[in-house]
Amino acid sequence: MKKPSARLLIILVLLVAALVVGSGIALKRSNSFQTQGELVLAGLAAPVEVRRDEKGMAYAHAQSLEDVLFAQGFLTAQDRFFNMHLVRLMIQGRLTELAGDVARDLDVQNRTLGFYRIARGHAEILDPRTRALFQHYVDGVNAFLECCPNDLHLEFRLAGLEPEPWTLEDSMALLYLMAWNSSANLKHEITTAQLQAEVGEERAGTLKPLNINPDEIEGSEVEGQGSTAEDSAEDQIARADWLGDPSLRSLMEDGALQVGSNNWVASPQLTAGGKALLAGDPHLDPRMLPGIWHPIGLVWPGNRAVGATVAGLPGIGLGRTDFIALSMTNAYGDAQDLYVETLDPENPDRYLQSGQSLPFEILHETLRIRDKDSEGGFREDPLEIRSTRRGPVVSGRLPGLKDEDGSGLLGDEKRVSLRWAAADPATWTPKIGFFEILEARDIQDVNRSIDHLPMIGLNFVFADTDGAIGWRVSGRLPTRLPGAGRQPWIVCIEACEETDPWTGWIPLKEMPQDLTGSKSWLGTANHLTVDRDYPHYYSNRAAASYRYARLKELFSQQIESGEPMTDDIFWQWQRDLVNPMARELSPIFARALVQQPQTQSLGRVLEDWNHEDSPDAPGPLVFQEMIRQVAFATFTDQLGESTTSTMLGNLYFWQERLQRMLVTNDPVAASWFDDTSTEAVESRDDIIVRAGLAALDRLGPWEGSAPASWRWGNPHYLKLYHPLRRTGFGSDWLGSGPMPMGGSAETLYRGWYSFNEPYAATFTASLRMVVDFADPDKIRAVLPGGAVGRAFHPHQQDQTEAFMTGTPLWWWFSDQAIEENAQSHLWLQPDNVAEPTGNPPH
């Protein structure tokens, strides 16, 4: 057979290249939208001018707050309506309409939790102005659907979905979904109950969470709140298998909006520009393109706001106005409790309480499930949701642990209900604080605005143009009886006086906060922020202290240097790789490992490591695998594989506790290090060596036999994906492919991975932002993806490289900067104005 000529090969290559380029251009055009010229929209009172910058970020100039919110709704829908609709389907429990049976459990859970029911209830009590402002945003979203059907996201056709009008309740339900993910310790309650069932209350108490507030006693470890539980479970309940119920197990899983984060603010006395300097990087699951946050610029007479919010919510959640700047982290206040309920043996539609038989509130709903074998492509399944006076029943039958006859030590009568502070109408407010934040003039206004965010527990740090700085926790938390909140509460069923473990609400003025001006900087990193003198039970769930301790260290070093702080320094701190946990534990590991020939190579790597979680270093991979293997080797023999895996998957429950055990090696710690399945008595160092051998066995086939050649960034990577193609063929083409990443759960540069499914990053910065009030023109900010949520769009993932490398990008703030960087110009005209009337006031 004659070989093709070189000339023919060149022609073929050029043809293929032309087809690829042409297809790419066609695909981009098939999922674009209007950004130039003019659009006439019903609902506007006056013209709105929209410019988009080099990143596709929109800036709207309007003549009123109402019109700028309408424009925000319209522009958000242009960019993100498919993502908004997907999240709405999840909140409503309708993902089965898209994904079929695979989404059934999640739909059942979200319908049971009732985000939409709560949102409808709260929406009914909103005051007229708040409702009107919400409605302007909603009207803007729907104006896009009405005016621009040809600009609808290609993803709707690919998924076989029809767009639906947006509602005020949709936005409120999204806020409640975020609130659920900030509500803290339900996982801790289940973990505590399971540990007590496995080894008894006294033994389980030696593993109680160790929460540390680094500000309380300088340089020492301090046990935080929730370290004891004064109430004791009934014998039967103490034998319950909490992980034996699939519904309870599913509550242990993290959602995409599970909130972590770092934020901090410096007062003018520390900064180069003589103005306040604020940084924030919310830690969420950023992997679904284009990311969670939607950036926007809003300008109206007398003010402007440039920042970001979750697509579907009006205003900004973090960013800057003409007067204030703010960012948030999860505060982990305990707003959730579980209750053990008892069915009436005479009537399973009733439950027992204080000698009474009470009826369940029963709600009937229908799941519409995509099913190619059913007529019309869908089938309908009935769903029954039951609630007690405390809240919805979130479990099936609570089984007994290690039942021999399969009947369950508890019989069929026990269920678990959920009480959530945000679902209690007593906490609802007629105002929603995000609108007030838009109009705040100083930190006192911001503080008052936070009063009206009762559903969500966040650490807000904020500053104003006068240089004042503040910190405040949002949300409402109950006051409780001693011991309540740390483990499930058993509802009294006998003829006794019912004791409600919730006794009231922590007064707003007593929520954790600091507006005193006595500190030169403030910051949070999901750590325990209250001290032992705080008058209320706050939570027994908090992040390990590592990130905040490192932040304190950085501030101290910078202050001692005498060099003023800049936005570039804060930007670098957000990417800091120092691992304080490894700095303390890796020498302990190394000393044990180098004593044995088989593990000496691991010990040498740890000895030579600088404790920075760099992607091109072997040390982070050795350390992370060692801590995993040590943890499993320490607990599995006494807790069993299932309970151990569940506990270790709940990182905040055990991380600092295990660290203290390894450091002190005291008798209690030694009793856990000893492997009870052998006749020998194993020491801490025996377990470390055993863990080293397991690490070599697991990683050797993948990384090679020489640990010095391992690289953290090989298994630890960030991979962005399109919502319609997470895995499989084409997922890398529509997404990013694996990108080696540094950091870990313990570093400011967050690179959290699932402890039971290492090491791909699942939670990291979903946005990085630094606001310098001394810079009137711009804000440093970068997203993991981009501004626009449309496949093949040039602004879907055009920020990814800068996000991974640390290259600064900018949100433009001043009129001059916005105009100088504008790449497109669109007028949104009210339907009663025929021609543009010139620029509205800037």
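Per-residue answers, yes or no, for (1) touching a Gly at 6+ places or on another chain (Cβ under 7 Å); (2) under 30 Å from Val48 (Cβ atoms):
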position: Ala272; (1), (2): no, no
position: Asp285; (1), (2): no, no
position: Ile316; (1), (2): yes, yes
position: Leu326; (1), (2): no, yes
position: Asn330; (1), (2): yes, no
position: Val340; (1), (2): no, no
position: Tyr351; (1), (2): no, no
position: Gly355; (1), (2): no, no
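Counting only strands (runs of 3 or more DSSP E) wholly contained in the stretch 309-394, the ones carrying 3 or more residues that are surrounded by 20 or more Cβ atoms within 10 Å (Cβ to Cβ), at pLDDT 95 or above and in contact with a Phe, Trp or Tyr (Cβ under 9 Å, 6 or more places away or on another chain) occupy 318-321, 324-330. Among the residues of the stretch 531-565, those that are open to solvent by 50 Å² or more (accessible area, probe 1.4 Å), farther than 24 Å from Gly483 by Cα and not in a helix (DSSP H, G or I) comprise Gly562, Glu563, Pro564. What residue, among those in the stretch 610-642 that are open to solvent by 10 Å² or more (accessible area, probe 1.4 Å) and within 15 Å of Gln194 (Cα to Cα), is nearest to the chain's Cα centre (by Cα)? By that ranking, first place goes to Ser642. The residue list Arg111, Arg117, Arg104, Arg157 contains one member that is farther than 19 Å from Ala311 by Cα, in contact with a Ser or Thr (Cβ under 9 Å, 6 or more places away or on another chain) and not in a strand (DSSP E or B), which is Arg104. Part of a helix (DSSP H, G or I) and open to solvent by 30 Å² or more (accessible area, probe 1.4 Å): is that true of Asp686 in this structure? It is true that Asp686 is part of a helix (DSSP H, G or I) and open to solvent by 30 Å² or more (accessible area, probe 1.4 Å). Return yes when Thr167 is open to solvent by 10 Å² or more (accessible area, probe 1.4 Å), closer than 30 Å to Phe70 by Cα, over 18 Å from the mean Cα position of the chain (by Cα) and in contact (Cβ under 8 Å) with a residue 12 or more places away in the chain and no when it is not. When the stated conditions are applied, Thr167 passes them. Restricting Leu522, Leu528 to those that are in a loop (DSSP other than H, G, I, E, B) and either closer than 16 Å to Ala331 by Cβ or over 20 Å from the mean Cα position of the chain (by Cα) (or both) reduces the list to Leu528. Under the condition of being part of a helix (DSSP H, G or I) and either touching a residue at least 40 places away in the same chain (Cβ under 8 Å) or under 19 Å from Arg120 (Cα atoms) (or both), the residues counted in the stretch 143-154 number 7.
State whether one or more residues within the stretch 643-654 are touching a strand residue (DSSP E or B) at 6+ places or on another chain (Cβ under 9 Å) and farther than 24 Å from Gly700 by Cα. Yes; the residues of the stretch 643-654 include at least one that is touching a strand residue (DSSP E or B) at 6+ places or on another chain (Cβ under 9 Å) and farther than 24 Å from Gly700 by Cα.
Only one of the numbered conditions (1) at pLDDT 95 or above; (2) open to solvent by less than 10 Å² (accessible area, probe 1.4 Å) is not met by Gly504, and that is (2). If you go through the stretch 169-205 and pick out every residue that is in contact with a Leu (Cβ under 7 Å, 6 or more places away or on another chain), assigned to a helix (DSSP H, G or I) and of a type outside the set (Val, Ile, Thr), you end up with 13.
Just for the stretch 737-764: of the residues that are assigned to a loop (DSSP other than H, G, I, E, B), of a type in the set (S, T, N, Q) and within 21 Å of Asp281 (Cα to Cα), which one is modelled with the lowest pLDDT? For the stretch 737-764, the residue satisfying everything is Ser754. Selection of the stretch 515-530 for residues being under 24 Å from Arg476 (Cβ atoms) and open to solvent by 20 Å² or more (accessible area, probe 1.4 Å) yields Leu515, Thr516, Thr529.
Applying a threshold of 7 Å to beta carbon distances and a minimum spacing of six or more residues, or different chains, the list of pairs starting in the stretch 577-594 at a residue that is within 20 Å of Arg550 (Cα to Cα) and ending at one that is aromatic (Phe, Trp, Tyr) and surrounded by 17 or more Cβ atoms within 10 Å (Cβ to Cβ) reads Leu577/Tyr749; Pro580/Tyr546; Met581/Tyr546; Ala582/Phe623; Ser586/Trp609; Ser586/Phe623. For the stretch 750-799, what are the residues that are open to solvent by less than 10 Å² (accessible area, probe 1.4 Å) and hydroxyl-bearing (Ser, Thr, Tyr)? Within the stretch 750-799, Tyr759, Thr764, Ser766 meet the criteria.
For the stretch 428-464, the candidate set comprises residues that are among the aromatic types (Phe, Trp, Tyr) and assigned to a strand (DSSP E or B); within that set, the residue that is surrounded by the most Cβ atoms within 10 Å (Cβ to Cβ) is Phe462.
If you take the residues of the stretch 246-293 that are acidic (Asp, Glu) and closer than 20 Å to Leu648 by Cα, which of them is surrounded by the fewest Cβ atoms within 10 Å (Cβ to Cβ)? Out of the qualifying residues, it is Glu253.
Of everything listed in (1) modelled with pLDDT under 85; (2) assigned to a loop (DSSP other than H, G, I, E, B); (3) surrounded by 22 or more Cβ atoms within 10 Å (Cβ to Cβ); (4) among the hydrophobic types (A, V, I, L, M, F, W, C), the single unmet condition for Leu243 is (2). Just one of the numbered conditions (1) touching a helix residue (DSSP H, G or I) at 6+ places or on another chain (Cβ under 7 Å); (2) open to solvent by 40 Å² or more (accessible area, probe 1.4 Å); (3) of a type outside the set (D, E, K, R) is not true of Ala691: (2). Taken as a whole, the structure leaves Gly467 outside the set of residues that are under 30 Å from the mean Cα position of the chain (by Cα) and surrounded by fewer than 16 Cβ atoms within 10 Å (Cβ to Cβ).
Going by the conditions given, is Glu801 of a type in the set (Asp, Glu), under 19 Å from the mean Cα position of the chain (by Cα) and at pLDDT 95 or above? It is false that Glu801 is of a type in the set (Asp, Glu), under 19 Å from the mean Cα position of the chain (by Cα) and at pLDDT 95 or above. Residues in the stretch 109-128 that are farther than 20 Å from Met90 by Cα, touching a residue at least 40 places away in the same chain (Cβ under 8 Å) and charged (D, E, K, R): Asp127 only. As for the stretch 691-710, it holds no residue that is under 20 Å from Arg575 (Cβ atoms) and assigned to a loop (DSSP other than H, G, I, E, B). Pairing each residue of the stretch 655-674 that is farther than 12 Å from Asp685 by Cβ and surrounded by 14 or more Cβ atoms within 10 Å (Cβ to Cβ) with any residue that is of a type in the set (S, T, N, Q) and modelled with pLDDT under 95, provided the two are 6+ apart or on different chains, yields C-beta distances under 9 Å for Glu656/Asn211. Among the criteria (1) modelled with pLDDT of 95 or more; (2) of a type outside the set (Lys, Arg); (3) touching a Pro at 6+ places or on another chain (Cβ under 9 Å); (4) crowded, with 22+ Cβ neighbours inside 10 Å, the one Val416 does not fulfil is (1). Could you please let me know if Glu155 is farther than 28 Å from Gln796 by Cα, among the acidic types (Asp, Glu) and in contact with a Leu (Cβ under 9 Å, 6 or more places away or on another chain)? For Glu155, the condition - farther than 28 Å from Gln796 by Cα, among the acidic types (Asp, Glu) and in contact with a Leu (Cβ under 9 Å, 6 or more places away or on another chain) - is not met. Looking across Thr499, Thr479, one residue alone is surrounded by fewer than 18 Cβ atoms within 10 Å (Cβ to Cβ) and in a loop (DSSP other than H, G, I, E, B). It is Thr499.
The values are calculated or read from the model by the stated rules, or taken from the named source; none is laboratory data. Keep in mind that this is a model prediction, so the values were computed, not measured. Ideal geometry is used to build each Cβ from the backbone, glycine not excepted, and the neighbour counts take in all protein chains shown. The protein model used for the area step is the full one, side chains on, heavy atoms only, and it has no ligands, DNA or RNA in it. Shrake-Rupley method; radii C 1.70, N 1.55, O 1.52, S 1.80 Å.
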